[in-house]
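Bear in mind that the values in this text are calculations on the coordinates, not laboratory data. Note that the structure is a prediction, hence the values are computed from the model and not measured. In this analysis, Cβ positions are derived from the backbone assuming ideal geometry, glycine residues included, and neighbour counts consider all displayed protein chains.
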Amino acid sequence: MNFDCVLFDGDGVLYIEGKVQKYAPEIIDLLKQQGKKYALVTNNSTKTKRQYHQRLINMGIPMNLDRIFTSAYVASDFLKGETVYVIGEEGLFDACHSKGFVVVNETGEKADNVIIGMDRTFNYNKIAEAMRHILNGSFFIGTNPDRNFPSKEGLIPGAGSMIAAVEAAAERTANIIVGKPFPYLYKSALQHLGAEAKKTLMVGDRLETDILGAINMGMESCLVQTGIGSRYSQNEIDKFRHTHGGPDYVFPTLFEFYQFLKENS
Ligand SMILES: [Mg+2]
């Protein structure tokens with residue numbers, strides 16, 4: 001094992017439902033001391049980079065803006081032309097504005113792109129507008145494929161459900177979906193950090209997104225059994241390993257990962 005870069009999923013790994021996980025700050029401190037690169041790589045498109053930055057500081061995990069990779073900002077790298085119709089929340093609007101795109105949600109102008117992420121005010125009119133633009137030739141981008149994810153209230157719909165609704169209405173599949181397990185988020189992080197896939201370890205709590213994406217990229221992967229990771233049986237993990245050849249490491253909590261990092265510095 002020989003890595004100089006560690007990528008972290010956010011929810012379920014560094015924090016759970018907005019609360020910092022034990023040993024997350026210590027792990028980041030240790031990586032700093034060891035001179036290793038690190039970053040947050042999240043499928044969540046709802047928050048701005050600044051909001052993440054502030055949130056992480058409040059948790060005792062200082063992380064510069066340029067180490068925060070969300071599906072919203074990486075998705076906005078794929079925008080074409082000048083205008084965009086957005087279904088999403090603050091993070092996605094900010095990503096589109098930060099790249100200089102004109103958001104046409106209010107004006108109804110022709111949209112060169114339709115971009116869709118998680119939107120907790122999703123409704124019929126938004127489906128209708130997105131569909132109209134797509135049928136008029138807009139490039140169609142989805143932030144991440146997660147159809148649902150766990151919350152305090154149980155499973156709730158994710159961006160993948162909103163993308164699927166528009167795909168059904170327009171009878172068109174999205175041109176690109178950016179988040180894990182697809183490679184774009186990881187590629188963007190590695191490129192900006194100047195890191196190599198084969199010298200990078202990805203730490204995640206979800207086999208079919210975090211870990212599968214890492215395996216497909218040729219990175220080492222580490223499953224922590226917190227967040228969604230706590231739901232997998234040993235049998236499910238074994239089966240996944242047999243089929244996909246990873247994760248390389250499985251740890252019950254971040255404490256064991258911290259110990260592992262100390263022993264392998
Ligand atoms: Mg997670």
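The table for this structure:
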read-out: Using alpha-carbon coordinates, inclination of helix 184-193 to the longest axis of the chain, degrees; value: 60
read-out: Scattering curve values for the stretch 73-177, log₁₀ I(q)/I(0), Debye with Cα scatterers, q = 0.23, 0.25 Å⁻¹; value: -1.26, -1.48
read-out: Theoretical gain in end-to-end length, residue 97 to residue 57 [0.36 nm per residue, Cα-Cα removed]; value: 12.0 nm
read-out: Members of 19/180; 32/187; 37/187; 80/180; 19/152; 37/262 lying beyond 20 Å, as alpha-carbon distances in this model show; value: 19/180; 32/187; 80/180
read-out: Computed FRET value (nearest 0.05) for residue 90 with residue 161, which takes r as the C-beta separation and R₀ as 25 Å; value: 0.85
read-out: Additional length obtainable on full extension of the chain from residue 243 to residue 120, 0.36 nm per residue less Cα span; value: 40.8 nm
read-out: For the chain, fraction of C-alpha pairs farther apart than 33 Å, in %; value: 21
read-out: Estimated vicinal HN-Hα couplings, Hz - the stretch 147-152 in sequence order (Karplus 6.51, -1.76, 1.60; Gly, Pro = x); value: 7, 7, 7, x, 9, 4
read-out: Placed amide H near residue 88: partners under 5 Å, 5+ positions off or other chain; value: 117
read-out: Value of relative contact order over the stretch 1-95, rounded to a whole percent, pairs C-alpha under 8 Å and six or more apart; value: 28
read-out: Set of the stretch 1-19 residues, backbone N closer than 11 Å to the point 7 Å along the Cα-Cβ line of residue 65; value: none
read-out: Distance (nanometres) between label positions extended 7 Å along Cα→Cβ at residue 80 and residue 191; value: 1.7
